[in-house]
1. In deg cm²/dmol, rounded to 500, what helix-only [θ] at 222 nm does the chain give when every DSSP H run of at least 4 residues adds -39500 (n - 2.57) and the total is split over its residues?
2. Convex hull over the Cα atoms of region 102-161, averaged projected area in nm²?
3. Rounded to the nearest whole Å³, what is the per residue volume of the convex hull around the Cα atoms of region 277-326?
4. In nm, to one decimal, how far is the D357 label point from the D11 one, both placed 7 Å along Cα→Cβ?
5. Pull the list of the chain cysteines that no other Cys approaches to under 4.7 Å, Cβ to Cβ.
6. What per residue convex hull volume, in Å³, do the alpha-carbon atoms of region 173-316 yield?
7. Using DSSP to define loop residues, name the trypsin sites (Lys or Arg not before Pro) in region 198-261 whose beta-carbon has at most 16 other beta-carbon atoms within 10 Å.
8. For the chain, what relative contact order do you get, as a whole percent, if you take Cα pairs closer than 8 Å and at least 6 residues apart?
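Values in this text are rule-based calculations from the coordinates and carry no lab data. The shown structure was predicted, so the numbers you read here are calculated from the model rather than taken from an experiment. With ideal geometry, Cβ positions are generated from the backbone for all residues, glycine too; neighbour counts draw on all protein chains shown.
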Amino acid sequence: ALAAALWAQEDKLKPCVHCGFCLPACPTYSRLGDENDSPRGRLHLMRAVVEGRLSPESEAFQTHIDRCLGCRACEPVCPSSVQYGVLLEAARESVFRARKTPAVVGMLLAIFSSRFWTRWSMRLARVVRGLGLAGWVARLMPESRLFHPMRFGLAMLEASRERPLPVGSPSGSAATRGSLDGGSGWREGSRGRVAILRGCVQDGLFARVNDATERVLRANGYDVIEVKGQGCCGALHTHAGNAEGARELARANVEALGSARVDFVAVNAAGCGAALKEYGHLLQAEAEHGQMAAQLAASTRDISELLASDPLRVGAPLPARVTYDAACHLCHAQGVRKEPRMLLGAIPELVVLPLRDEEECCGGAGIYGITHAELGGDIGADKVSAVLA
């Protein structure tokens, strides 16, 4: 019973021919050099579980499945088109059933399963951030494993603060709004009705991004519909192996967004977009929600896909030098590559500098920095070095 999720995906294990094309693409294998920490090695472990040669309760299986970032960089390079992401989720569901959930992970899953606790935790986080306490407290904490989850969380909270625009740029959302509202261009609603997935952390800590998304969509001819009843996409639960928790959240979003009568659901967070686009698979066995989930998945678009599909109405100049880091769940999981670059290239006076290995994982992977601090930190350090080079 513990391996039921993997048994259900047994046929998806068969296309792997052990060619090894995935090895250099894998951030854990490239750093650890352990075959079991490669996509090919993990698929071998999954097959061993399916065939009864290995238990989901075994330390080897759990350790190597846990170490996977889920970046899915192996999928685009696989000549056999192995659906590694689907298999990884099934393996993690087997691990989730086989052991007690770590306390920090369990707490986060519980918070984001509840709209009430999500709302209040985000309010508390904004207060801590607004008082400037996050970075200060994180720096005061001892650098020990015991305090690492809290230090990492506070550092992420500090990183969510709004940064000032370069000198000479429009000062804040009001100026940007003024450059987009009114005038010529698209008539609002002429390109269809859109709902924005506001999300949990995105709405709690990055509401300004959601608001900017709405302004830009309206300025480019979309009628943005407010949809109540939506919440967390369930990506955290899926990646932790809590499939039933993910399905519960997906059902709520399917009911809310699916009944909104919109042409598209716009998403501005890569992990959330990938999660919504896979709702059809997640709820495929459910008679009540399966078809609606598939329709919602088919209508989901990253914000860059919507804006790059037709001539873009450009806003104010932004005299700055930037580089673009391609999010794993955007380029690998969703296959969205050219659209973000097209949008950046359309901004007046913005200089986009090339980034070395821009599609390599940053080591973030949700809460990977909490559960695998050292390895995630090493991968992240390489990304920082590339940005600063």
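1. Working: 24 runs with 209 residues, N = 389.
Value at 222 nm, helices only, nearest 500: -15000 deg cm²/dmol.
2. 4.2 nm²
3. Details: hull volume 5.3 nm³, N = 50.
Spread over its residues, the Cα hull of region 277-326 gives 105 Å³ apiece.
4. Each label point lies 7 Å from its Cα, and together they span 3.8 nm.
5. Cys with no partner Cβ under 4.7 Å: C16, C19, C26, C68, C78, C331, C362.
6. 100 Å³
7. Taking region 198-261 and a limit of 16 other Cβ atoms within 10 Å, the loop trypsin sites (Lys or Arg not before Pro) found are K228, R261.
8. Value for the chain: 14 percent.
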